[in-house]
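A short worksheet on the structure shown next.
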């Protein structure tokens, strides 16, 4: 996906595809790491008719052509990779803790330790379910 489509995709995501929602394009471009190319990006998006400038400086609205471009080109795919990786890393850490809890239970069998293991098991199951729904 080229830079223009990345910016358009993010704009679509931020506005939920609604052309009534104005967004500070400069901040959006900055958050994506393309601030040095802001003028070129604005010119390209505007020239294609994908965004419409507003009277407020640096604010744009996505147009129905912009929405159609994202949908037709099938370039809009929410980028939740970072969130998934973060959740997977948290799950890995929790699993290591779970293993330690099981080892502690094995060395000192008690209802209290078993209850802790059971609770952690349920937490892990919930985390796996959350991760599965994100993929």
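Please indicate, with yes or no, whether at least one residue in segment 110-119 is within 15 Å of residue 8 (Cβ to Cβ), modelled with pLDDT of 95 or more and part of a helix (DSSP H, G or I).
No, because not a single residue in segment 110-119 is within 15 Å of residue 8 (Cβ to Cβ), modelled with pLDDT of 95 or more and part of a helix (DSSP H, G or I).
Counting only residues that are touching a strand residue (DSSP E or B) at 6+ places or on another chain (Cβ under 6 Å) and in a helix (DSSP H, G or I), which one in segment 13-55 is surrounded by the most Cβ atoms within 10 Å (Cβ to Cβ)?
Here the residue is 45.
Evaluate the following for residue 103: is it at negative phi and modelled with pLDDT of 95 or more?
So residue 103 passes the test.
The values are calculated or read from the model by the stated rules, or taken from the named source; none is laboratory data. Computed from a predicted structure; not experimentally measured. Here Cβ is always computed from backbone atoms with ideal geometry, including for glycine, and neighbour counts include all displayed protein chains.
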